[in-house]
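The values are calculated or read from the model by the stated rules, or taken from the named source; none is laboratory data. Computed from a predicted structure; not experimentally measured. Virtual Cβ from ideal backbone geometry, glycine too; neighbours counted across all protein chains shown. These accessible areas exclude ligands, DNA and RNA; they are computed on the full protein's heavy atoms, side chains included. Shrake-Rupley method; radii C 1.70, N 1.55, O 1.52, S 1.80 Å.
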Protein chains: 2
Amino acid sequence: MLRLTKKADYGLMALKYLAEHPDSVSVSAKDIADTYGIPPQLLAKVLQRLTKVGLLRSHAGMNGGYELSRGAQTISAFEVIHAIDGPLFITSCTKGSKSCDLEPSCTIKEPLARVNDSIAGVLKSISIHDMADFDVSAGHGMESQPLVMLTRA
Amino acid sequence: MLRLTKKADYGLMALKYLAEHPDSVSVSAKDIADTYGIPPQLLAKVLQRLTKVGLLRSHAGMNGGYELSRGAQTISAFEVIHAIDGPLFITSCTKGSKSCDLEPSCTIKEPLARVNDSIAGVLKSISIHDMADFDVSAGHGMESQPLVMLTRA
DNA sequence: TGAACTGCGACAAAAATAGTCCTATACTGG
DNA sequence: CCAGTATAGGACTATTTTTGTCGCAGTTCA
């Protein structure tokens with residue numbers, strides 16, 4: 001429940017990989033798929049999408065592949081997830097279009113929309129750089145400290 | 001993406017409804033289903049589950065139905081969602097059991113686990129009471145203020 | 001030219017969700 | 001104590017979403 005799709009996972013993994021290998025000029029989808037044991041063609045599609053959205057730059061032909069189009073610090077998890085899985089809506093019925101087809105229906109999404117925004121905020125505050133090795137190597141006592149603090153308004 | 005299941009939606013709607021009708025001793029699944037245009041049998045199952053978990057008290061027979069087993073302020077959205085959709089995991093591969101089957105695999109869930117915790121925190125901070133009419137009738141300038149404030153650690 | 005890539009569209013397979021059906025059991029009111 | 005209205009819950013089907021595959025076209029490079 002409330003799960004990221006595997007595609008989004010793959011996308012995040014791939015970007016993280018790219019962030020950790022800035023030396024390599026460009027890395028092929030196959031390279032990444034192999035290192036993680038992911039279906040290559042599926043990852044390829046994910047990367048193609050990320051390219052289309054502008055998060056990656058691609059290079060066809062031999063020794064081709066992908067590279068980050070921006071610094072890892074400037075790419076948020078939100079952008080990646082949004083690009084792959086589409087708009088982030090916690091409620092089935094999006095408030096924008098048509099709302100809930102039926103009747104007075106979900107009076108529930110008004111309040112949940114704010115939860116949604118909060119989640120989006122969390123995701124936006126985390127960059128690919130944050131997810132890369134650094135946190136593993138650096139912080140250790142960090143485990144007890146949440147990445148974000150939640151305080152009631 | 002990152003969507004609640006309809007069952008969870010239904011559950012939240014039903015609890016909200018119950019919170020808004022404290023007068024009624026007990027409300028039947030059908031009553032709620034009718035007012036929202038939800039499949040009655042499906043809602044019934046959801047309510048049965050919520051009863052099993054202890055969030056509701058049920059009463060069979062004529063004029064039977066359900067009622068909140070506790071105050072609406074003390075029931076969080078998280079509890080409801082957890083009861084219906086099961087444990088909240090943003091990553092496909094839960095870190096607990098077996099992790100990602102393959103290789104070095106998702107080095108990604110470590111960082112995402114913290115996002116997960118943050119989201120759970122948001123959900124836990126919102127009660128059924130918070131979701132009920134009150135926010136609609138009461139606050140108006142509230143729209144611009146997020147329900148929770150996010151601050152980086 | 002041919003091998004190693006990306007870029008797509010169309011499928012096919014699998015899994016999760018949503019919803020239905022049917023039967024049993026419990027309580028209420030007359 | 002009987003009929004009607006509810007909950008309880010198992011089994012099953014339908015639908016939708018997600019996941020993964022295939023095939024082919026365009027690119028680049030040696």
So what is the relative contact order of the stretch B:1-60, in percent, for Cα pairs below 8 Å that sit 6 or more residues apart?
33 percent
Where the label is 7 Å out from Cα toward Cβ, how close does residue A:30 come to the same position in every other copy, in nm, shortest first?
6.4
7 Å from Cα along Cα→Cβ at both residue B:124 and residue A:25: what's the point-to-point distance in nm?
5.0 nm
Per residue of the stretch B:70-75, in order, report the coupling 6.51 cos²θ - 1.76 cosθ + 1.60 (Karplus, θ = phi - 60°) as ³J(HN,Hα) in whole Hz, putting x for Gly and Pro.
9, x, 4, 5, 9, 10
Please give the total accessible area that chains B and A bury against each other, computed with a 1.4 Å probe and expressed in Å² to the nearest 100.
5200 Å²
Surpassing 18 Å at the alpha-carbon level, of the pairs B:7/B:45; B:30/B:124; B:6/B:45; A:7/A:30; A:7/B:6; A:6/B:124, are B:30/B:124; A:7/B:6; A:6/B:124
Using θ = phi - 60° and the Karplus curve 6.51 cos²θ - 1.76 cosθ + 1.60, what whole-Hz ³J(HN,Hα) does each residue of the stretch A:33-39 get, with Gly and Pro shown as x?
4, 5, 5, 9, x, 9, x
